[in-house]
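Colleague: My questions all concern the structure below.
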Amino acid sequence: MVDKYTFRGKQKYDGLWLVGDLCRRDGIYIFTPDGLDSYDHYEVDPATVGQSTGMVDKHGVLVFEGDIVKFVHPSPDVLNGTGIVIWNGDELGWEFRDPGSLEWYNGYSGDLYDIIGNIHDNPELFGDAP
C-alpha cells in the first residue's frame, strides 16, 4: 500500500522534485528520509505541492495531484481521455478532469492510467488548466 499522505514539491533552491512528508513552518518544507533514521528538510515552492493519491499508474509510478494522465479503458462503452488529477471535495475522492470536455473520471484502477506529465513541468499540455 502506498502512503496517501506523501507529498511532492519542487525545491525552491534548484527546482528539483522532492517526495516526502510535508511541514509548514516559516515556509513549506518537504522532509525526505536520508537513510540514517533521520530526515533532511528542504523548502519547496508552495504552488507545486501536491498530495499522493495512493495509486500507481500502469508503469508503477506514484500518481500525485497535478499529474496529467491518459485514461484508457478496455471497454468501448467507456469514454477515454486525458486529464489532470485533482481532489474533488464534493465527492471526497481523487478524480481527473479533461479540461476540454469537463468530463470527470473516478473509481478506476491505476492500471488504466498513464502519467504523461504534470501541470508544473508541462503546462503546454493543457494551456489554462486548473
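Colleague: Out of E95, E43, which single residue is modelled with pLDDT of 75 or more, of a type in the set (D, E) and within 19 Å of G117 (Cα to Cα)?
Modeller: Details: E43 fails: within 19 Å of G117 (Cα to Cα).
From the options E95, E43, the qualifying one is E95.
Colleague: Taking the conditions exactly as written (in the same structural domain as E95 (by TED's automatic domain parsing), at positive phi and either at pLDDT 90 or above or surrounded by fewer than 14 Cβ atoms within 10 Å (Cβ to Cβ) (or both)), does G15 satisfy them or not?
Modeller: no
The values are calculated or read from the model by the stated rules, or taken from the named source; none is laboratory data. From a predicted model like this one, the values you see are computed outputs, not experimental measurements. Cβ atoms come from the backbone with ideal geometry, glycine included; neighbour counts cover every protein chain shown.
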